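Engineer: Would you mind keeping the following structure in view while I ask a few things?
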Amino acid sequence: ETVNAQIEKEQVATIAEEVGKKQRDTENDLAKAEPAVAAAMSALDTLDQKDLSSCKGMLKPPPNLDEVFAATMCLLAGVMPSIVIQKSGKVKDTSWDAAKKQLMGNIKEYMMYLKEIKAKVDDGTINPKNFVEVRQYIEQDYFNVETIKSKNQAAAGLCSFVLNIVMYYDIVVTVEPKRKALAEANQQLEEANEKLKSVMANVAALEEKLSKLTKELEEANASKKEAMDAVAGGEQKLNL
């Protein structure tokens, strides 16, 4: 059992080292995501409802401004109830008129649902198709904060949010398999520790039993010696 205990100790140490490496790897990747999500949420904080309301009043927006709002529609598909989607989950209509009606019909709700996207990314409840559909917009040369800012301040904030939340999503998706591997490794470590605990308990019980037997043997030998000494003493007296 002592040999088994040593083997189990070594296995636990190996698993613990592996868990530590996976933990550090996962944490490092998640740390890279923090600046992206911070920038995304900060972009939303810069938005002014009055600026967005002014966009709603545009009959025809400046070039590419409508694409910024269309990008947010893609991200909010299945998140914001007012957005009409197809059975596939894809936005049915991303036109400027649809954006004004479905997004800017209630600016306050629009902002609220944009802020909910991060939580849905974190808990895995957002449709991955949203992040597939939005790439047709963010891959365009014009889809950058400086270009959009020259046309409209509010749209620039939305542009920054879209770019950064997509970056955040991409990192989280990469990290997710590592999170699962880490959870599995922690489970393995827990099971190994339980097994080691059981083996060590057996070793302790055996050592206690051995100690007791050793003590009984020592007491028996002492009694035997005492008896033999008594016999030897008696024989010595008889010989006198």
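Engineer: Is at least one residue of segment 75-89 touching a Leu at 6+ places or on another chain (Cβ under 7 Å), open to solvent by less than 80 Å² (accessible area, probe 1.4 Å) and modelled with pLDDT under 95?
Structural biologist: Scanning segment 75-89 turns up no residue that is touching a Leu at 6+ places or on another chain (Cβ under 7 Å), open to solvent by less than 80 Å² (accessible area, probe 1.4 Å) and modelled with pLDDT under 95.
Engineer: Please go through segment 20-38 and give me each residue that is surrounded by fewer than 17 Cβ atoms within 10 Å (Cβ to Cβ) and aliphatic (A, V, I, L, M), ordered by number.
Structural biologist: Passing the criteria: LEU30, ALA31, ALA38.
Engineer: Would you be able to say whether some residue in segment 134-147 is in contact with a Pro (Cβ under 7 Å, 6 or more places away or on another chain) and outside any helix (DSSP H, G or I)?
Structural biologist: No, every residue in segment 134-147 fails to be in contact with a Pro (Cβ under 7 Å, 6 or more places away or on another chain) and outside any helix (DSSP H, G or I).
Engineer: How many of the residues in segment 92-117 are open to solvent by less than 60 Å² (accessible area, probe 1.4 Å) and outside any loop (DSSP other than H, G, I, E, B)?
Structural biologist: Counting residues in segment 92-117 that are open to solvent by less than 60 Å² (accessible area, probe 1.4 Å) and outside any loop (DSSP other than H, G, I, E, B) gives 11.
Engineer: Assigned to a helix (DSSP H, G or I), aromatic (Phe, Trp, Tyr) and touching an Asp or Glu at 6+ places or on another chain (Cβ under 9 Å): does that describe PHE69?
Structural biologist: Here the answer is no, as PHE69 does not meet what is asked.
The values are calculated or read from the model by the stated rules, or taken from the named source; none is laboratory data. Just so it is clear, the model here is predicted, and its values are computed rather than measured. Note: ideal-geometry Cβ built from the backbone for every residue, glycine included; neighbour counts use all protein chains shown. Accessible surface is based on the protein model in full, side chains and every heavy atom, while ligands, DNA and RNA are left aside. Shrake-Rupley method; radii C 1.70, N 1.55, O 1.52, S 1.80 Å.
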